[in-house]
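Inspection log for the structure reproduced underneath, given as structure tokens.
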Amino acid sequence: MTTPIHLAVLDDEVDITQLLAGYLGSQGYRVSQLHSGRALVELMNADPPQLVLLDLGLPGEDGLSIARHLREHWRCGLVIVTGRGDAIDKVVGLEVGADDYVTKPFELRELLARIRAVLRRVEPAPPAPAAGAASGATSAPAAAPAAGAPAGPPERLRFGPWQLDLAARRLLDEQGAEVVLTAGEFDLLYAFARCPGRVLTRDFLLEQTRGREAGPFDRTIDVQVGRLRKKLEGDPGKPQLIKSVRGAGYLFLLPVTPA
């Protein structure tokens with residue numbers, strides 16, 4: 001039996017947590033209802049969810065600080081669900097590491113689509129079972145590819161001192177230590193690594209990282225590029241990895257090779 005994906009809903013309004021728990025539960029998810037940042041920390045230590053739905057307007061607590069603490073200590077999807085609809089609030093929410101930002105009131109089916117989109121980026125696809133595994137048969141060693149046959153896709157990409165592990169969705173530095181990325185940051189970096197030396201527009205990058213669920217946040221890519229620069233550039237103010245091309249988009253400067 002497949003273990004259901006665990007979601008956490010943090011909101012001070014009990015009616016909202018119950019509504020979301022009932023709806024998402026009917027879609028096959030296991031949902032924990034929370035009403036404080038402390039409860040979220042306790043859950044993350046005891047039974048961490050794959051994705052957190054976080055309200056920013058918690059009485060007596062700073063929702064953005066909770067989001068920042070979550071990003072610094074745990075790997076999971078993060079969708080901010082809040083009544084704060086100003087563009088500045090959206091940008092700040094994305095800057096602290098949210099994978100998506102949904103304003104209240106929301107349509108349940110749209111929220112579900114956004115949750116699924118984030119989970120697809122957070123959870124790497126499981127490896128395919130070996131042929132004959134289901135019947136218990138022992139498979140013979142795979143034959144070497146014929147001369148001239150195209151090689152499979154690389155498992156890792158190398159650029160500069162970094163390696164991008166595509167299967168595990170991790171970025172490793174020169175010493176092999178992980179540089180923690182959000183799901184959106186990983187997707188954006190992968191999009192750049194697939195197209196080194198080409199100017200990529202914001203619309204193209206939005207499509208590559210958010211697909212059909214791309215929202216109307218015209219600064220989403222700018223925010224995520226800024227976060228990547230802080231993690232990868234020696235001097236984010238003078239980027240040597242991701243260059244801004246005025247009026248066009250962004251350019252990934254390093255050559256990329258299979259690792």
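Read the figures in this text as sums done on the coordinates, not as results from a lab. Source: prediction; values computed, not measured. Using ideal geometry, Cβ is built from the backbone for each residue, glycine included, and neighbour counts are taken over all protein chains shown.
Please compute the contact order of segment 156-258 in relative form: average sequence separation of alpha-carbon pairs under 8 Å and at least six residues apart, divided by the residue count, as a percent.
Details: 139 pairs, mean separation 31.8, N = 103.
Rounded, it is 31 percent for segment 156-258.
For the residue pair residue 203 and residue 240, what label-to-label distance in nm results when each label sits 7 Å from Cα along the Cα-to-beta-carbon direction?
Going from the residue 203 label point to the residue 240 one covers 3.5 nm.
Where does segment 6-122 land on the Kirkwood hydrodynamic radius, alpha-carbon pairs, in angstrom?
13.9
So which trypsin sites (Lys or Arg not before Pro) in segment 162-199 pass both tests, a DSSP loop state and at most 12 other Cβ atoms within 10 Å of the Cβ?
Of the trypsin sites (Lys or Arg not before Pro), the ones in loops of segment 162-199 whose Cβ has at most 12 other Cβ atoms within 10 Å are 198.
Which of the lysines could be linked to residue 104 by a straight reach, that is with a Cα gap under 20 Å, when you skip same-chain ones fewer than 8 residues away?
Answer for residue 104, where 20 Å is the Cα cut-off: 90, listed by chain and number.
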